[in-house]
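The values are calculated or read from the model by the stated rules, or taken from the named source; none is laboratory data. Only a predicted model underlies this, so the values are computations on that prediction, with no experimental measurement involved. Cβ sites come from the backbone with ideal geometry, for glycine too, and all protein chains shown count toward neighbours. When the accessible area is computed, the model is the full protein with side chains, heavy atoms only, and any ligands, DNA or RNA have been set aside. Shrake-Rupley method; radii C 1.70, N 1.55, O 1.52, S 1.80 Å.
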Amino acid sequence: GQHFLYTVVSAKPEISGIYVGSLDSKERKRILASLLKAAFVPPDHVLFVPSNVAMTVAASNAGVPDTLMAQQFDAKRLEVVGDPFPIAEVRVNFGNSAAGFAVSDGRVLAYRANAVDRVLQWHDRTGKPIGTVDVPGAWESAVISPDLQRLAVLKRDGAVGDLWILDQARGTSTRF
């Protein structure tokens, strides 16, 4: 209840990593060498994607596949214990430390699967699909316009990408 996880990225590899901090003191402790986010899963596990500085530089912003791992966490000693074990293949983006997963307080895990071709869909307010947007592709980071008619989205091609504007009303996609 008084501790939190956070990521430190530094030019010095021995400083970079996942840390546990305290709300009521300046106490902090490095628990993992990963440069990507981690999440605590009650009562006693941490989820993370292993990484290091060399992987980060090599992968750039490519959105590469990697393995989501879990490891037991001792909350009294504030450290991971035992060996990590795999949970799922996820898509990561080293450019913004996004590890492609989230976990709720109710221990429900959501993750971005290792899929290159994603289908973008429009849904009504009840969640019913009402149409697809363009063709399947390596879409990410979508932002919808205030009038709900257009979508700005990044389309990856390997390590690089372009911004596209997808117009629902016209049924067009334009490289921006």
Task: Label-point gap, in nm, between residue 4 and residue 88 - each point 7 angstrom along Cα→Cβ - done: 2.5
Task: 67, 174, ranked by accessible area, largest first (probe 1.4 Å) - done: 174, 67
TODO: Once you have the Cα-Cα distance between residue 41 and residue 148, take 0.36 nm times their residue separation minus that, and quote the gain in nm to one decimal.
DONE: 35.0 nm
Open item on the list: I'd like the distance between the alpha-carbon centres of segment 140-156 and segment 15-33, rounded to an integer number of Å.
Closed with: 36
